[in-house]
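Here's the structure we're looking at; comments come further down.
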Amino acid sequence: MQSKTVLSSIICGLMLSSGSAIASDVKQGGTLTVPIIGTGFVENYNPYTSKDLLHGVMFEPLMVFNNMTGNTEWRLAKSAEYSDDLKTIKLTLRDGLTWSDGSPLTAKDVAYSFTMTKENGAFDQRGIWTEGNLISIEATNETTVEFKLNQADSTFIWNLEKYHIIPEKVWSKVSDLTTFTNPNPIGSGPMTEVKYIKTQQMELCRNPNYYLEGLPHLDCITYRSYNDNSQIQPALMKGEIDWGSNFIADIDNTFVAASPENHHYWYPANDAIHLYVNTKEAPFSDLELRKALSMALDREAIVDIAAYGYPTVNFNAGGIGELYSTYIDADVTAKYKDLTTYNPDKANQMLDAAGYVDKSGDGFRQTKDGKRIEFDIEVVNGWTDWIQVVQMVTEYFEEVGIKANVKTVDWAVYDSSLKDSKYKMSINWSLVATHPILAYQDYYSSSRIGKTWHGGHGVHSPEIDALIDGFGKTNDTAEQADIIKQLQVFSAENLPFIPLFSNPTWFQYNSSKIVGWPNAENPYVQPVWYDGGKRVLIINNLHLK
């Protein structure tokens, strides 16, 4: 029997909301223009293979867990309840939902959208099937879907917002969904109609059957393709684009000063940025080497010089940063502070003691069998701020006799290297989620290996799997807090990734034509373009000035 306790009592006290308020006196119309870094657009409307361009735009999420406000923003779903034993979730859809072609969107579509990912493992983005806890998903009537679990898991619900709800009538007839480009797309989000697509530009326009009356206020969204950050900055300055989500150098002088009344930015705390280390390969399998490399870095200088002072230095070796500041254990941070404190003398001593010495006299250390320690640090081509960060990292490593090189790669290479553990070292972010347990799940759960950028480092164990799984077997906040502390200790003691800083949420906007943006005075959502759930909340709030 289903518990009548609302979802908020299960999910760490999240407040519930029915969605964004719809203003009736705002101007309708207008086009929002956004930049995308890439090589251009192709006619692919499969949300799983189009770099997440379409989630929250063409495809509406079930709900959004708003980490900025603590609210659950109900979207296609209107409620969710756990059973008393935390093994069944009853998800209820809004009444009268339709696809953009006017046909009914029902619980059968939702159930299919999840079961489809079992047969197409590449689409199982949160590992709901591979983790083995999910028994079944069933549409019990037109608006109700039940998720049955083998074991209690109070965190399972957090996965649901990341999956795309797709029309069964179309997708079930496709023989190979991994190559399916979804021509003539049918969606449920605010912008579903393809006005045109060109190599460097694509425009999606209003869903004629959107479920929220009066929304979106805007008519269309235009995507423009740029090679890298350096092309986006002048486009923002000229007013060619309205919404920037990328690094901009010296933003006060290069962007704001050109039009102080209309050019704005807001950089709230975001994900922790790490140097991920492949511990499965020597010499990175040596914890002492990893510790020494961490101590060799002057994080404050890296932030001030390479990142223009925008990020926040992360001295927490426990795996999480300022995004989860309320969960960071001060005792753990203090105990392992030496690992993140700039101390090249200590780093040199540790490397000497571990047997990594310069036998050839060229200034660089060798392994115990006489091979020079040399490796690449991978970063995406065009990510100018991170390229500068990695360049400084290599300089600090050189000061302690370690030869590292900046290796810029295309996104596809970067993506596969991280997922398939083909890197030696790579700079990457950490998971932005409702709760840090999901970030730790992304780092350490064995079921995530090969499916996430953050689990290829090689530090995994059945004991840590059990610890992470234990979080969801209770809704006791004290027990959950202890698990988070243990995971911080585990991260600090094993150091599979070297913390650098907490990234800012890159967000620039132009209010000359379009208003309704989130900002420090109205922080209704974290302003992340690349998160479909957060993106849809912003899109629905924007309107003509």
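Some observations on this one:
- Gyration tensor verdict on the stretch 46-124 (Cα atoms; rounded if a/c is under 1.5, prolate if a/b is larger than b/c, oblate otherwise): rounded
- Hydrodynamic radius of the stretch 275-411 per Kirkwood, over alpha carbon pairs, in Å: 15.9 Å
- Distance from the stretch 226-280 to the stretch 62-105 (C-alpha centre basis), Å: 33 Å
- Tail beyond 16 Å, pair distance distribution of the stretch 405-453 (Cα, percent): 44 percent
- Label-point separation, Asp84 to Lys195 (7 Å along Cα→Cβ), nm: 5.5 nm
- Percentage relative contact order, the chain, counting C-alpha pairs under 8 Å, at least six apart: 21 percent
- Taken about its Cα centre, the chain carries a charge dipole of about 780 debye when Lys and Arg each add +1 at the Cβ and Asp and Glu each add -1 at the Cβ.
- Full extension of the chain between Ala258 and Ser461 yields a length gain of 67.7 nm, computed as 0.36 nm times the residue separation minus the alpha carbon distance.
- Considering only alpha-carbon pairs that sit under 8 angstrom and 6 or more positions apart, the relative contact order computed for the stretch 378-513 is 17 percent.
- Here the label points at Thr474 and Glu213, each 7 Å from Cα along the C-beta direction, are separated by 4.8 nm in the simple model.
- Theoretical ellipticity at 222 nm over the chain - DSSP helices of four or more residues, -39500 (n - 2.57) apiece, nearest 500: -7000 deg cm²/dmol
- For the stretch 456-545, the residue among Ser461, Thr474, Gly516 whose Cα projects farthest onto the positive side of the dipole built from Cβ charges is Gly516.
- Full extension of the chain between Glu240 and Asn405 gives 55.8 nm of extra length, using 0.36 nm per residue less the Cα-Cα distance.
- Ordering 527-538, 478-489 by mean Cβ neighbour count within 10 Å, with the highest value first, yields 527-538, 478-489.
- Value of D in µm² per second that Stokes-Einstein yields for the stretch 351-421, Kirkwood Rh from Cα pairs, at 20 °C (1.002 mPa s): 160 µm²/s
- Kirkwood Rh (inverse of mean 1/r, distinct Cα pairs), the chain, angstrom: 24.5 Å
- Shape class of the stretch 446-545 from the Cα gyration tensor (axes a ≥ b ≥ c, square roots of the eigenvalues): prolate, since a/c reaches 1.5 or more and a/b is larger than b/c.
- Positive-end residue of Val393, Ile373, Ser417, charge dipole of the stretch 366-429 with Cβ unit charges: Ile373
- Computed extension gain for Ser416 through Ala330, at 0.36 nm per residue and net of the alpha carbon distance, reaches 27.4 nm.
- Alpha carbon convex hull of the stretch 353-484, projected area averaged over orientations, nm²: 10.7 nm²
- Cα gyration tensor shape of the stretch 305-354, rounded if a/c is under 1.5, else prolate or oblate by comparing a/b with b/c: oblate
- Entries in Lys280/Lys485; Lys371/Lys419; Lys169/Lys545; Lys407/Lys534; Lys51/Lys337 that, when Cα-Cα distance is taken, lie over 30 Å: Lys169/Lys545; Lys407/Lys534; Lys51/Lys337
- With Cα atoms as the point set, the radius of gyration and Dmax of the stretch 241-356 evaluate to 18.2, 59 Å.
- The residues of the stretch 123-227 have, on average, 40 Å² of accessible surface per residue, using a 1.4 Å probe with all protein chains present.
- Amide H contacts of Asn182 (H built 1.01 Å from N, in plane; Pro and chain starts excluded): Tyr45 sit under 5 Å, all sequence-distant by 5 or more or on other chains.
- Applied to the stretch 204-217, the Karplus parametrisation 6.51 cos²θ - 1.76 cosθ + 1.60 on θ = phi - 60° returns per-residue 3J(HN,Hα) values of 10, 10, 3, 6, x, 10, 5, 6, 9, 4, x, 10, x, 6 Hz, with x for Gly and Pro.
- Average accessible area per residue (Å²) across the stretch 364-467 - probe 1.4 Å, nucleic acids and ligands excluded: 36 Å²
- Neighbours of Ile186, meaning other residues whose beta-carbon lies under 13 angstrom from its beta-carbon, give a summed charge of -3 when Lys and Arg score +1 and Asp and Glu score -1.
- Positive-end ranking of Cys220, Phe180, Leu544 along the dipole of the chain, with charges on Cβ about the Cα centre, is headed by Phe180.
The values are calculated or read from the model by the stated rules, or taken from the named source; none is laboratory data. Please read these numbers as outputs of a predicted model, since none were measured by experiment. Heads up, the Cβs are rebuilt from the backbone with ideal geometry, glycines too, and the neighbour counts pull from every protein chain shown. Surface accessibility is based on the protein's heavy atoms, side chains included, excluding ligands, DNA and RNA. Shrake-Rupley method; radii C 1.70, N 1.55, O 1.52, S 1.80 Å.
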